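The values are calculated or read from the model by the stated rules, or taken from the named source; none is laboratory data. Bear in mind that the values here come from a model prediction, so they are computed numbers and not experimental data. Every residue, glycine among them, receives a Cβ derived from its backbone with ideal geometry; neighbour counts consider all protein chains shown.
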């Protein structure tokens, strides 16, 4: 009976494996959150947020984005050399960050307005190395289709971090406990993936070659030149939107917007991230002349998955939010309804962005990311005197239109390749 319920295609099975792992990993901190919020103060979470705001930016640049190239070579030997390249770059970035933290620690903490963060900044260099190794091994495991191991790694990271969150909280470690718990979870997940790769693929290490690493670095130089700035832009985009909402409207409005965004993005990312990772592997192993057909099939499948969820949000989110969070969160429900078209098209288009990597056209993706950042910031600035709900309608409609154009452009580029073949 259970076998009949399993997805028949390999693609669907792989997505389900990663989605299950991600679901469990996300469920663990949610399950303990009623306890965590009682043993840590809001100030403790503020220290964690400040630390993560820096760590998230550094995690983007940790490998120069070369980890994305791990999926591309036909030979595993070439891919493994890129893994080593990514790790070497993360070591260099780590050393650079240590120098900055060592000499400018006071200036950084003054800029952030929290001296309690000072000592924890010294974790950043180690975190960069761990991030570089983890991201590289993550893509290697994806290439090798070790999806069960990837899912288990996510559960180990979440479970370990959450367990130490509880332990440090009861011991009264404060915000530092939250930071160090996440760090321990990162160590556990990275160690687990390292052990898997060593066990399964260590025999390939004899093929690591300095000249090959340099050659592959030059071959995929568009990744740091175009994809890295693109990733940095994406990291800053949401921060800028939040800052402008707070500045032009009120902090309370930002709180309503933030809750709505988080409640929509969390379940969508649970499915979307797993879908994107497996789709990238599928793209990398497909002939360019067949990409158009694969992408159309993916769009239809992703739409069938996402449409029911976002239709429910569009029509019933106000009642749902008021029932779960209380009458005071009615605006958040309204915001969720307005945002749902934007996030629906974002769900479909996000995995498609990897097509530009496959086609070696990262410069197009960089231009699109810049435009995608400028549009919401411009709308919020120009319409800052208008009612927030009106502004939100314009924002959601505009961002949906941009994403529809993005999907159309990808279909055009891949159709052109198919026609030329």
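Residue 373 falls short on exactly one of the conditions (1) without any contact (Cβ under 8 Å) to a residue 60 or more places away in the chain; (2) under 20 Å from the mean Cα position of the chain (by Cα), and that condition is (1).
Listed residues 323, 367; which is assigned to a helix (DSSP H, G or I), without any contact (Cβ under 8 Å) to a residue 12 or more places away in the chain and within 26 Å of residue 226 (Cα to Cα)? Write out each step before concluding.
Numbers: 323 fails: within 26 Å of residue 226 (Cα to Cα).
Among 323, 367, only 367 is assigned to a helix (DSSP H, G or I), without any contact (Cβ under 8 Å) to a residue 12 or more places away in the chain and within 26 Å of residue 226 (Cα to Cα).
Being over 30 Å from residue 389 (Cβ atoms), over 19 Å from the mean Cα position of the chain (by Cα) and surrounded by 14 or more Cβ atoms within 10 Å (Cβ to Cβ) holds for only one residue in 244, 225, and it is 225.
So is residue 20 in a loop (DSSP other than H, G, I, E, B), at pLDDT 70 or above and within 20 Å of the chain's Cα centre (by Cα) or not?
Working: in a loop (DSSP other than H, G, I, E, B): no; at pLDDT 70 or above: yes; within 20 Å of the chain's Cα centre (by Cα): yes.
It is false that residue 20 is in a loop (DSSP other than H, G, I, E, B), at pLDDT 70 or above and within 20 Å of the chain's Cα centre (by Cα).
Can you pull out every residue in the range 296-319 that is in contact with a helix residue (DSSP H, G or I) (Cβ under 8 Å, 6 or more places away or on another chain), over 15 Å from residue 268 (Cβ atoms), surrounded by 13 or more Cβ atoms within 10 Å (Cβ to Cβ) and free of Cβ contacts under 8 Å to residues at least 40 places away in the same chain? The answer is 318, and nothing else. Residue 239 falls short on exactly one of the conditions (1) at pLDDT 75 or above; (2) under 23 Å from the mean Cα position of the chain (by Cα), and that condition is (1). Checked against (1) under 27 Å from residue 72 (Cβ atoms); (2) in contact with a helix residue (DSSP H, G or I) (Cβ under 6 Å, 6 or more places away or on another chain), residue 371 meets all criteria but (2).
Here is a yes/no grid of residues against (1) assigned to a helix (DSSP H, G or I); (2) modelled with pLDDT of 70 or more; (3) touching a strand residue (DSSP E or B) at 6+ places or on another chain (Cβ under 6 Å); (4) closer than 20 Å to residue 350 by Cβ:
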{"residue": "270", "(1), (2), (3), (4)": "yes, no, no, yes"}
{"residue": "276", "(1), (2), (3), (4)": "yes, no, no, yes"}
{"residue": "292", "(1), (2), (3), (4)": "yes, yes, no, yes"}
{"residue": "296", "(1), (2), (3), (4)": "yes, yes, no, yes"}
{"residue": "299", "(1), (2), (3), (4)": "yes, yes, no, yes"}
{"residue": "308", "(1), (2), (3), (4)": "yes, yes, no, yes"}
{"residue": "312", "(1), (2), (3), (4)": "yes, yes, no, no"}
{"residue": "318", "(1), (2), (3), (4)": "yes, yes, no, no"}
{"residue": "332", "(1), (2), (3), (4)": "yes, yes, no, no"}
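Here 8, 74 are screened, and the one residue that is at pLDDT 70 or above and assigned to a loop (DSSP other than H, G, I, E, B) is 74.
Before we move on, is residue 148 under 22 Å from residue 209 (Cα atoms) and at pLDDT below 90? Step through it out loud before you land on a result.
Values: under 22 Å from residue 209 (Cα atoms): no; at pLDDT below 90: yes.
When the stated conditions are applied, residue 148 does not pass them.
Quick check, is residue 95 modelled with pLDDT of 90 or more, farther than 21 Å from residue 220 by Cβ and either assigned by TED's automatic domain parsing to the domain that holds residue 235 or within 17 Å of the chain's Cα centre (by Cα) (or both)? No: the conditions fail for residue 95.
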